Each structure stands twice: as C-alpha cells, then as structure tokens.
Amino acid sequence: PEVRNGVEMRFLRLLSLLAHFFEIRGVTPGSYYLIAQVFDGGSRQSSRTPIDVGSSDIDGLELSVSPGQELTGTIRIEGQAQVNPSSLRVMLQPVEFSPMMGGSPPGVVKDDATFLMKDVQPDTYRVMVMGAQNQFYVKYVFVGQQEAKDGEFTVTAGTAPALSVVVSTAGGQIAGMV
C-alpha cells in the first residue's frame, strides 16, 4: 500500500453500483479512498472520497458520481529533432495513483498541436506525453498562464483548465550495461 504523510493509503473500489446500494465487509482499519465508477455508453462517471475505517461500522455513506469534463490544450515542441505533433498522446496520471482509477482516456494531438481529453474527473494529475519513440521529455506544463510545478495540476468540478505542454527533444541520453 502507498504511504503518504505517514498514513498508509488503500483504495476500495466499487466497480458497479447495483441498485445504488453497497456494502463492503471485513475492511481492516485504516485510511482509504472509496471509489465508485459507472460506465454509461462511451462515458465514465466516477466519484472518490477519503474515509477512515476504525473498529466500528460506517453507515449512511453517500457517493455522488458525476460525468467528467472536457479538457483542451496545446503542445509546443522545442529542440532540433523533428517530431510530428500528431504522433503524440497526452495522458493524465492521478498523483495518488490507483491502477483501477487510472487517468482519463489519452488526448490525441492533432497536426495543429491541439488536443482534447474527455471524461476528465476532478482530481490532481501529472501530465505525461508519449509517442515519437519517446525522444523527448515534458519540460513545462502551464495551466492557463500559471506554470504547474512538476507538471501537476488539479481539476475541480466545473470548467476544466486549458493546458499548454512544452516538450523538448534536447534531453540527455544514458547508456550502459548491467
């Protein structure tokens, strides 16, 4: 389990909400995120809430799932190597990673270096860019005009921010043998 600020974080997942009621038995005391996901057609709705389980039951807990938002952005490529923007994919990885929760579906970058991501849930994310034989690194991420420290930013309910991602092909290379 992941440890944050000295607290062991565990994830409880509800993969389906049958009749909108749930019960999870035998939960070891500790700090958890209770995650609910509903897949409706081509879209995902989800909710995540932190809970602390002690020695007594937790009753009356309510989770409200909501659809994700659309997030738009642009990619700027720096460096000498030629990279076709449409060969890139922008992904959002939740900072508090959960393999079941994952991020949003990848945003495909168009020839004009713009991208659109759908079903982005409120959370704190790290921006990742893949493609073009990964001959680049993410140099900067801007949310609006504000630089996102370590490429991390938070999406809250409402309007998702516009992203500007700068990648550079001028990174170093490491070679060796084990």
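Shape verdict for the range 131-178, please, from the Cα gyration tensor: rounded (a/c under 1.5), prolate (a/b greater than b/c) or oblate. Taking the square roots of the gyration eigenvalues as a ≥ b ≥ c, the range 131-178 is prolate. 3J(HN,Hα) couplings calculated from phi for the range 47-54 with the Karplus curve 6.51 cos²θ - 1.76 cosθ + 1.60 (θ = phi - 60°) are, in sequence order, 8, 9, 9, x, 9, 10, 9, x Hz; Gly and Pro show x. In this view, the solvent-accessible surface of Asp52, computed with a 1.4 Å probe and all protein chains in place, comes to about 110 Å².
The values are calculated or read from the model by the stated rules, or taken from the named source; none is laboratory data. Every value quoted in this text rests on a predicted model; they were computed, and no experiment measured them. Accessible surface is based on the protein model in full, side chains and every heavy atom, while ligands, DNA and RNA are left aside. Shrake-Rupley method; radii C 1.70, N 1.55, O 1.52, S 1.80 Å.
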